[in-house]
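For reference, the structure is listed below as structure tokens.
The values are calculated or read from the model by the stated rules, or taken from the named source; none is laboratory data. Being a predicted model, the structure only gives us computed values, none of them experimental. Don't worry about glycine lacking a Cβ; one is built from the backbone with ideal geometry, like all the others, and counts go over all protein chains shown. Ligands, DNA and RNA are stripped out before the accessible areas are found, and what is left, the full protein with its side chains, is counted by its heavy atoms. Shrake-Rupley method; radii C 1.70, N 1.55, O 1.52, S 1.80 Å.
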Amino acid sequence: MNGIRLFFLRIYAVAFKEALHVRRDVQTMIMALVMPVVLVLLFGFGVSFDLDHLAIAVADQDHTPASRAVAHALETSSDLRLVGGLDSAADAEQAFHRGDAVGVLVVPRGFAAKLARGEPSDVQLLVAGSDGSTAIQVLAKAEAVIGASAARFAAPGASVSLPISVATYIRYNPEGRSALMIVPGLVAYILAIIAVLLTALAIAREWERGSMEQLFCTPVGRVEIVVGKLLPYLVLGVIAVLLVLAAGAWVFDVPFRGDLWTLAAAAVLFLIGMLGQGLVISVLARNQMIATQAGVLSSMLPSMLLSGFLFPVENLPTPLRIFSNLVPARHFIAALRGVLLRGNGFAELSGELLALAAFAATMLLIAALRFRRRLD
Amino acid sequence: MTEHAIEVHGLSKHFGAFRAVDDVSFHVETGEIFGYLGANGAGKSTTIRMLCGLLGPTTGDATVAGHSVADDPLGVRRAIGYMSQKFSLYVDLTVEDNLAFFGGAYGLSGKHLRTRMDEVLTLVDLRDARTANTADLPGGIRQRVALANALLHAPRIVFLDEPTAGVDPASRRAFWRLIRRLANEGTTVFVTTHYMDEAEYCARIGLMVAGRLVALDTPSALKTLWVPGTMLAVHGAGLGPAARALDTLAGVHAVEPFGAGLHVRVGADLGDGAAVTRALLAAGASDVSVVVTEASLEDVFLAAVATPEGPAATAAGGAK
Ligand SMILES: Nc1ncnc2c1ncn2[C@@H]1O[C@H](COP(=O)(O)OP(=O)(O)O)[C@@H](O)[C@H]1O
Ligand SMILES: [Mg+2]
């Protein structure tokens, strides 16, 4: 039908024109393609929650080859740093106080003897809790190191089951590397801000230079403007996702264990949702300054605080936890972690995809409805 | 389609308590150049936006190319071309890219689009500028490209909102040659301006003062009606202080500063200017020369702004 042909023709005209703007606008290109990669690298290294070389002290009360093997395992780990031996667990208090160590491993008397008998033997890990995230890191890493080398401490011929009990078992991230947790969060966080900004500016710019009035005088409909504006930025966004994931894989060894198409679907839906949010802002704001501020705030805060990027969603107060369901970054991060780390596909992540699709559809609908084709 | 290209009935636009356009009625004949004149803020753009279906009228209605602007703004937009006051083109795109985009927006594509682009660029005599970056073009050329843009879909009516604002005089004349050519080919042109000299090119003129249409007619009829009598252009030295003397001279209707001299409008019995010269010399002016001149639309505008109630008031005032 001719109407449908015209519909797509006009979308194409808008999208092509927007693509020309983007091509000639170095700033936008940099913002869309270079920034995410640079930020992921910066954050990935700088804000890395991997506090490498965490200072650990050992209070060896057993003085046996087995207990020294435990200390040695800590010493040779790349993440921990053995800062010395303490005489007793009581000295730990002082070590913490002076800031010499953030963790003290106490190997109790009789450790080797219990091991030799094949009985469960405990070591005690004291952690300075003053910095919550450091404490968690110390716990995770010390446990990982001891767990991984537990077999070596056991006397030859000891029972099959590992004799040292390790409370936490970090299944998908056995080394406790936070890059694996952080990169998906960063990807979502950075893309959220950039996607919202891209479109928030795209329409506000037309208002400001007066071209919106000229556009309104053509038969181009609001759906055509909204979709046409979105398409070039969606392509940019997809390229940005690929670049960032490649950087994550290359620099931080982030694996890719799951289904590519599930990830692609999640990324496209997430991008449409965030680009749509930007459209809503610029339809309402009509001014690049206001659009920028509203865009940054409305994308940055929820994507950082309510997405599971910095804090686990489960730890949020109930009202915020319920609200976090409306934050696309939360679902995208879940999908990214699912595909990258757990090897998930459509079957496991259908809930996330559905949530992302619902958000995207709502944003586009609001943008199109609030986009009055009149000036008053 | 109605007989007139545009028919306006009691059209008003209020912004809050402010009446930007206040109860305006007129019509525009098919194929004529209709000039809409007024100072900044008089309500010209607001009227045009309503006629293009971009702003809903507060009260009243208008029919443009047979479509009601209140009920069928989309029908209106399809039938007209519009050059808005602020925007001319996307300066980061080439001429060709601009035309191709707006052509696509109007639903043109492929060979038809290319043919139309050729035709409009030929019309505005800018075939060589196709691949030029719009940012590099001078204002006058840009406005011509913008006009070409507004004509791509071959509208029967075009609205041009201050198309020559900020453009040098030579380019303004070139632009008006284009407008006249369009009208000769049967396109109805609705054009706003605050340059009174340009208004002389219009078949008819509507004069807006503070949202109201205070006068509407051909340029010469407006002059006869608003500035009756004979217009004398006076030059000399010391005219400023001496001009006072003319206020008390019977038969003088109005005295306005004009350039370095004066425009003095007088009744028929003072038409030779001798009495005016004598009065000015007596009041201390020197080197006085007086020639009969034609009233300009500037004079009409000044009279209309001074007495928006109508020319009758001017005549009465001048006769006192
Ligand atoms: N959207 C609006 N809201 C409030 N006032 C407006 C709006 N648009 C125009 N105006 C006011 O209406 C008056 C007429 O404006 P306009 O039609 O643009 O005048 P012109 O084109 O003759 O210079 C001006 O005083 C202007 O400030
Ligand atoms: Mg105006």
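Go ahead and run the numbers for FRET between A:F43 and A:Q94, Cβ-Cβ distance against an R0 of 22 Å, rounding to 0.05.
Here the calculated transfer efficiency is 0.05.
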Query raised in the report: For B:T187, B:T30, what's the largest-to-smallest order of accessible area, 1.4 Å probe?
Result: B:T30, B:T187
Query raised in the report: Which ³J(HN,Hα) values in Hz, rounded to whole numbers, follow from the phi angles of region A:225-240 under the Karplus curve 6.51 cos²θ - 1.76 cosθ + 1.60, where θ = phi - 60° and Gly and Pro get x?
Result: 5, 4, 5, x, 5, 6, 4, x, 6, 5, 4, 4, x, 5, 4, 4
Query raised in the report: Quick one: accessible area per residue over the protein assembly as shown, 1.4 Å probe, rounded to a whole number of Å²?
Result: 44 Å²
Requested in this report: Determine the residues within region B:96-113 where the difference in accessible area between the chain on its own and the full set of protein chains amounts to at least 30 Å²; count protein heavy atoms only and use a 1.4 Å probe.
Outcome: B:D97, B:F101, B:F102, B:G104, B:A105, B:Y106, B:G107, B:S109
**Report entry** 5 angstrom amide H check on B:V209, placed H, neighbours 5+ away
**Finding:** B:V214
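Calculate the FRET efficiency for A:R286 and A:L354 from the Cβ-Cβ distance with a Förster distance of 35 Å, rounded to the nearest 0.05.
0.60
Evaluated at 4 °C with a viscosity of 1.567 mPa s, what Stokes-Einstein diffusion coefficient in µm²/s does chain B have when Rh comes from the Kirkwood expression over alpha-carbon pairs? Let's see the in-between values first.
Values: Rh = 21.5 Å.
Rounded to a whole number, D works out at 60 µm²/s.
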Query raised in the report: Across region B:203-210, in residue order, what do the Karplus-derived ³J(HN,Hα) couplings come to in whole Hz, using 6.51 cos²θ - 1.76 cosθ + 1.60 with θ = phi - 60° and x for Gly and Pro?
Result: 5, 9, 10, x, 10, 9, 10, 6
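Give me the one-decimal Kirkwood hydrodynamic radius in Å for region B:45-146, with the sum taken over alpha-carbon pairs.
Values: mean 1/r = 0.0666 Å⁻¹.
The answer is 15.0 Å.
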Requested in this report: Could you check how much of the accessible area of chain B is carbon and sulfur, as a whole percent, using a 1.4 Å probe?
Outcome: 53 percent
Query raised in the report: Which cross-chain or sequence-distant (5 or more) residues have an amide H under 5 Å from the amide H of A:L82, H modelled 1.01 Å from N in plane?
Result: A:I56
**Report entry** Within 10 Å of each Cβ in B:83-95, the average number of Cβ atoms from other chains
**Finding:** 4
Query raised in the report: Counting other Cβ atoms within 10 Å, which GluC sites (Glu not before Pro) in region B:95-189 have at most 16 and lie in a DSSP loop?
Result: B:E185
Query raised in the report: Could you work out the helix-only [θ] at 222 nm for the protein assembly as shown, with each DSSP H run of four or more residues adding -39,500 (n - 2.57) and the total divided by the number of residues, to the nearest 500 deg cm²/dmol?
Result: -16500 deg cm²/dmol
Requested in this report: Find the centroid of the Cα atoms in region B:233-288 and in region B:172-188, then give the distance between the two in whole Å.
Outcome: 39 Å
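Would you please calculate the Kirkwood hydrodynamic radius of the protein assembly as shown over all C-alpha pairs and express it in Å, rounded to one decimal?
Numbers: mean 1/r = 0.0317 Å⁻¹.
For the protein assembly as shown, inverting the mean 1/r across all distinct Cα pairs yields 31.5 Å.
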Query raised in the report: Which parts of region A:205-227, residue by residue, lose 10 Å² or more of accessible area when the rest of the protein chains are there, as against the chain isolated (1.4 Å probe)?
Result: A:E208, A:R209, A:G210, A:S211, A:E213, A:Q214, A:L215, A:F216, A:C217, A:T218, A:P219, A:V220
Query raised in the report: Check A:G343: other-chain or 5+ apart residues with amide H under 5 Å from its amide H, H built from backbone geometry?
Result: A:R257, A:G258
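Just tell me how shielded B:46-56 is by partners: mean number of partner chain Cβ atoms within 10 Å of each residue's Cβ, no decimals. It would help to have the intermediate numbers written out before the result.
Numbers: counts 2, 0, 0, 6, 2, 0, 4, 4, 9, 4, 3.
If you average over the peptide's residues, the count of other-chain Cβ atoms is 3.
Interface A/B, total buried accessible area with a 1.4 Å probe, nearest 100 Å²? Mind showing how you got there, number by number?
Numbers: alone 18540 and 14460 Å², together 30310 Å².
For chain A against chain B, roughly 2700 Å² becomes buried.
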**Report entry** 3J(HN,Hα) from dihedral phi, region A:15-28, Karplus parametrisation 6.51/-1.76/1.60, rounded to Hz, x for glycine, proline
**Finding:** 5, 5, 4, 5, 4, 5, 4, 4, 4, 8, 10, 4, 4, 5
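Sorted by packing (mean other beta-carbon atoms within 10 Å per residue), highest first, where do B:297-305, B:121-129 land? Walk me through the numbers on the way to the answer.
Values: B:297-305: 22.2, B:121-129: 15.9.
Packing order, densest peptide first, comes out as B:297-305, B:121-129.
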Query raised in the report: On full extension of the chain, what length is gained from A:I30 through A:I4, given 0.36 nm per residue of separation minus the C-alpha to C-alpha distance?
Result: 5.8 nm
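For the protein assembly as shown, what proportion of DSSP beta bridges, expressed in % and rounded to the nearest 5, is antiparallel? Could the numbers behind the result be given before it?
Numbers: 41 of 72 bridges.
Given both bridge residues lie in the protein assembly as shown, the antiparallel proportion sits at roughly 55 percent.
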Requested in this report: Using only atoms on other chains, find how many Cβ atoms lie within 10 Å of each Cβ of peptide A:8-21 and report the average.
Outcome: 4
